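Enquirer: One structure coming up, written as structure tokens, with questions to follow.
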């Protein structure tokens, strides 16, 4: 049994570290949608193994993505999807580490090749509009207040101090990881990206979206 485990681990390392033709490991599509799904049912959302990447080039910053693929650290504290990885704790539900599968590491060449391919996967202009974030960062302070108190974002997401909920992706490094126009577009209407997704559409006014985006853009790293 030990030999089998070591053999499987070796295959994972070999498979993950190799740069494949086209830049992407073929196994990526086993967890992530690399083209826009035709099935937008709740059943699909319930059973998928990882977030969709068909708009990755409009979502991630390339430098962050290359670095993360070489040393992947959990973005979602409770894994993905969170409702399949939690266990009952003494005071509240907690992530069960045994149910969270780590993302494979890529070597530098494979990470750069994968990033190059993922950055080609652009969202249509009506999904992520260039200039959705107007670039005004003076509202970041008010955006932080909205995140922590007024809009309840912290119930699902961790902010700059590392405090917050576990069900959504942590946002301690949102400014380094995510493109501002994507942040604004997704905040405005997450259901447009992911029908039935558990993040609600709050029907925010544009000034609130701009302030929240300004706050998240200001978050560059872990506390």
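Enquirer: Restricting to the range 162-174, name every residue that is buried (at least 19 other Cβ atoms within 10 Å of the Cβ) and free of Cβ contacts under 8 Å to residues at least 60 places away in the same chain.
Expert: 164, 171, 172, 174 - these are the residues of the range 162-174 that are buried (at least 19 other Cβ atoms within 10 Å of the Cβ) and free of Cβ contacts under 8 Å to residues at least 60 places away in the same chain.
Enquirer: Next question. If you go through the range 196-214 one residue at a time, do you hit one that is out of contact with any helix residue (DSSP H, G or I) (no Cβ under 8 Å at 6 or more places or on another chain) and either in contact (Cβ under 8 Å) with a residue 60 or more places away in the chain or closer than 24 Å to residue 100 by Cα (or both)?
Expert: Checked against the condition, which is being out of contact with any helix residue (DSSP H, G or I) (no Cβ under 8 Å at 6 or more places or on another chain) and either in contact (Cβ under 8 Å) with a residue 60 or more places away in the chain or closer than 24 Å to residue 100 by Cα (or both), the range 196-214 yields at least one hit.
Enquirer: Please indicate, with yes or no, whether at least one residue in the range 175-194 is free of Cβ contacts under 8 Å to residues at least 40 places away in the same chain and not in a helix (DSSP H, G or I).
Expert: Yes, there is a match, as at least one residue in the range 175-194 is free of Cβ contacts under 8 Å to residues at least 40 places away in the same chain and not in a helix (DSSP H, G or I).
Enquirer: Taking the condition of being surrounded by 15 or more Cβ atoms within 10 Å (Cβ to Cβ) and more than 19 Å from residue 76 (Cβ to Cβ), how many residues in the range 193-223 meet it?
Expert: Qualifying residue count for the region: 12.
Enquirer: Right, something else. When the range 125-161 is examined, which residues are found to be outside any loop (DSSP other than H, G, I, E, B), in contact with a helix residue (DSSP H, G or I) (Cβ under 9 Å, 6 or more places away or on another chain) and free of Cβ contacts under 8 Å to residues at least 40 places away in the same chain?
Expert: Looking only at the range 125-161, we keep the residues that are outside any loop (DSSP other than H, G, I, E, B), and these are 137-150, 153-155, 158.
The next check asks that each one be in contact with a helix residue (DSSP H, G or I) (Cβ under 9 Å, 6 or more places away or on another chain); those that pass are 137-148, 150, 153-154.
Correct list: 145, 148, 150, 154.
Enquirer: Residues in the range 1-58 that are part of a loop (DSSP other than H, G, I, E, B), modelled with pLDDT under 80 and either touching a helix residue (DSSP H, G or I) at 6+ places or on another chain (Cβ under 7 Å) or farther than 20 Å from residue 119 by Cβ (or both): how many?
Expert: Looking only at that region, the number is 8.
Enquirer: Can you spot a residue in the range 133-143 that is over 25 Å from residue 118 (Cα atoms), under 19 Å from the mean Cα position of the chain (by Cα) and crowded, with 21+ Cβ neighbours inside 10 Å?
Expert: So far as the range 133-143 goes, no, none of its residues is over 25 Å from residue 118 (Cα atoms), under 19 Å from the mean Cα position of the chain (by Cα) and crowded, with 21+ Cβ neighbours inside 10 Å.
Enquirer: Taking the range 87-111, which residues are surrounded by 18 or more Cβ atoms within 10 Å (Cβ to Cβ) and either touching a residue at least 60 places away in the same chain (Cβ under 8 Å) or closer than 13 Å to residue 166 by Cα (or both)?
Expert: 95, 106, 110
Enquirer: Go through the range 195-211 and give me each residue that's assigned to a helix (DSSP H, G or I) and either at pLDDT below 95 or closer than 26 Å to residue 48 by Cβ (or both).
Expert: Matches in the range 195-211: none.
Enquirer: Further question on the same structure: Answer yes or no: is there a residue in the range 79-95 that is in contact with a helix residue (DSSP H, G or I) (Cβ under 6 Å, 6 or more places away or on another chain), within 19 Å of residue 30 (Cα to Cα) and assigned to a helix (DSSP H, G or I).
Expert: The answer is no; no qualifying residue exists.
The values are calculated or read from the model by the stated rules, or taken from the named source; none is laboratory data. Only a predicted model underlies this, so the values are computations on that prediction, with no experimental measurement involved. Using ideal geometry, Cβ is built from the backbone for each residue, glycine included, and neighbour counts are taken over all protein chains shown.
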